[in-house]
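Trainee: Take this structure first; my questions come after.
Just so it is clear, none of the values below were taken in a lab; they were calculated from the coordinates. These figures come from a predicted structure and were not determined experimentally. Glycine gets a Cβ as well: all are built from the backbone with ideal geometry, and neighbour counts include every protein chain shown.
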Amino acid sequence: MLRVWVGSKPVGVLDRSGRRGSTFVYDVKADDRDAVSLTMPKRTESWNSEFGLLPIFDMNLPEGALEGKIRTAFAKALGHFDDLDLLAVVGRSQIGRIRFTGMDEELVEDVPFRSIDDLLRARRAGDLYNDLLETYAVHSGVAGVQPKVLVRAREDDPSDGRQSLSVRGATHIVKMWDPDEYPELAANEFFCLMAAQQVGLEVPDFRLSEDGLALVVERFDLTDGSYSGYEDFCALNGVTSKDKYNGGYETKLFKRIKEFVSPENAVGSLEVAFRLFVINCGIRNGDAHLKNFGVVYKDAESPVRLAPVYDLITTRAYIKNDAMALTLDGSTAWPDRKKLDRLGVTRANLRPGRVAEIVEQTCDALSDVSGRVKAYFEESSFPEVGEKMLREWQAGVGSLSEGKTIHLMEALDATSARND
């Protein structure tokens with residue numbers, strides 16, 4: 001049984017229910033602004049799931065190496081270790097404004113300090129990966145298969161009288177990679193985020209370490225000393241992480257934006273979503289699933305908007321012939337220009353001319369950033385990753401708009417010549 005907090009306020013209780021389910025009930029003192037999810041308004045009766053955690057509580061469960069590290073450390077001692085146990089371990093430090101503690105425990109968020117400058121200058125090979133996991137695993141309520149942890153880069157300030165959780169809470173996400181699985185994954189994402197930023201999408205501050213082993217991203221849900229509400233599109237669709245690859249972009253993304261984003265932000269958010277979809281096609285990101293789109297808000301009665309961009313990767317640099325994560329027109333095949341135009345007009349409510357502008361801007365951004373990709377991978381131990389990225393970007397640009405190939409081809413030809 002766990003106490004659920006929104007910010008620094010206790011708002012309800014989460015517990016197991018039946019053989020494999022869970023149940024959540026709001027405290028009587030919780031108000032409408034304290035709703036844990038836009039899909040779960042305050043009410044007297046409980047919110048129940050017959051299998052597993054409710055989607056909003058499942059949302060930040062660690063995955064991959066991070067999950068494995070935590071389960072290995074705790075499962076033997078406890079004799080059992082289910083998702084509620086996992087949530088109990090990482091519940092004090094989560095993406096968004098929801099926190100979890102034991103029933104009789106106070107909410108104290110005390111993430112160890114780590115200098116971002118030191119991380120960016122680190123050249124310790126595998127030691128950094130193991131050190132960060134060892135120190136920060138239990139403070140990292142963050143989803144994703146890629147190895148990542150939450151760290152605090154803000155030092156203590158005795159003169160700071162604020163009482164918010166964020167005073168000693170995590171401020172940055174540090175992402176790493178395993179050379180045996182996805183070499184240069186941090187650099188891959190770095191350049192994809194750079195292209196997204198250049199095309200006009202909102203991207204949190206992001207930096208690549210000198211040795212390329214870590215990507216450090218500032219948390220987008222931390223503003224003015226407090227954490228914003230955040231929900232991914234699994235939660236908004238009422239499904240857990242295991243269903244993140246199910247469904248189509250038309251309904252699971254664009255329709256949900258119209259349902260959950262505030263009217264004053266809806267028009268802009270639809271265009272942002274379309275722009276993000278286009279760049280995912282351009283970089284050939286086959287991992288643009290429901291968890292990689294989200295919304296942010298101050299509280300459950302405040303305006304809702306799309307979250308800044310995160311988790312952009314050229315997946316086809318590692319997975320040959322990787323398709324889209326969700327469907328478009330019932331297919332995961334990468335769309336041609338005709339399908340993009342139709343999506344922009346019918347689902348994002350854009351004029352055909354605006355769709356053309358967005359596609360043109362995306363092609364230009366990829367062309368511009370490709371030179372930096374080439375320069376970086378000339379010095380990399382894995383030059384083939386850069387070559388594959390550029391080839392996939394070229395294929396993406398080719399499917400978006402004819403005639404936008406010259407700069408990409410120059411970078412690609414130079415990289416290929418060096419490797420011959």
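Trainee: Considering Cα pairs under 8 angstrom that are at least six residues apart, work out the relative contact order of the chain and quote it in whole percent. Walk me through the numbers on the way to the answer.
Mentor: Numbers: 774 pairs, mean separation 57.3, N = 420.
That works out to 14 percent.
Trainee: What FRET efficiency, computed as 1/(1 + (r/R0)^6) with R0 = 25 Å and r the Cβ-Cβ distance, is obtained for residue 224 and residue 29, rounded to the nearest 0.05?
Mentor: Here the calculated transfer efficiency is 0.50.
Trainee: Looking at the chain as a GNM with Cα springs under 10 Å, which of 139, 172, 80 has the largest mean-square fluctuation?
Mentor: Of 139, 172, 80, the most mobile in the Gaussian network model is 80.
Trainee: For helix 263-283, what angle does its Cα long axis make with the longest principal axis of the chain, in degrees from 0 to 90 and rounded to 10?
Mentor: 50
Trainee: Less than 13 Å from a label point 7 Å out along the Cα-to-Cβ axis of residue 50: which backbone N atoms in region 8-34 qualify, by residue?
Mentor: What the label zone holds, given the 13 Å backbone N cut-off, is 18-22.
Trainee: Taking only C-alpha pairs under 8 Å that are 6+ residues apart, what is the relative contact order of region 228-419 in percent?
Mentor: Relative contact order, region 228-419: 24 percent.
Trainee: Which of the GluC sites (Glu not before Pro) found in region 177-265 are in a DSSP loop and have at most 16 neighbouring Cβ atoms, other than their own, within 10 Å?
Mentor: Here the GluC sites (Glu not before Pro) that fit, given the DSSP loop and packing criteria, are 181, 202, 210.
Trainee: Pop the C-beta distance of residue 361 and residue 337 into the FRET formula with R0 = 22 Å and round what comes out to the nearest 0.05.
Mentor: Efficiency at R0 = 22 Å is approximately 0.90.
Trainee: Pulled fully out, how much extra length does the chain show between residue 372 and residue 246, if you take 0.36 nm times their separation in residues and subtract their Cα-Cα distance?
Mentor: So the chain would gain 41.9 nm between residue 372 and residue 246.
Trainee: Cα-based count: Lys pairs in region 228-419 below 22 Å, eight or more positions apart or different chains?
Mentor: The result is 24.
Trainee: Let me ask another. Between residue 73 and residue 103, what is the label-point separation in nm under the 7 Å Cα-to-beta-carbon projection?
Mentor: The answer from the label model is 2.6 nm.
Trainee: Over all directions, what mean area does the Cα convex hull of the chain project, stated in square nanometres? Numbers along the way, then the final one.
Mentor: Working: hull surface 84.1 nm².
Result: 21.0 nm².
Trainee: In terms of modelled amide H atoms, which long-range or inter-chain residues lie less than 5 Å from the amide H of residue 92?
Mentor: Those qualifying (amide H under 5 Å, at least 5 residues apart or on another chain) are 100.
Trainee: For residue 381 and residue 1 in one chain, what is 0.36 nm times their gap in residues minus the Cα-Cα distance, to one decimal in nm? Kindly include the intermediate steps, with their values, before the conclusion.
Mentor: Working: separation 380, 0.36 × 380 = 136.80 nm, distance 4.85 nm.
So the chain would gain 132.0 nm between residue 381 and residue 1.
Trainee: Which translational diffusion coefficient, to the nearest whole µm²/s, is obtained for region 228-419 from the Stokes-Einstein equation, given a Kirkwood hydrodynamic radius over C-alpha pairs, 20 °C and 1.002 mPa s?
Mentor: 123
Trainee: Just want the ordering: 399, 93, from fewest to most Cβ atoms lying within 10 Å of their own Cβ.
Mentor: So the residues, fewest neighbours to most, are 399, 93.
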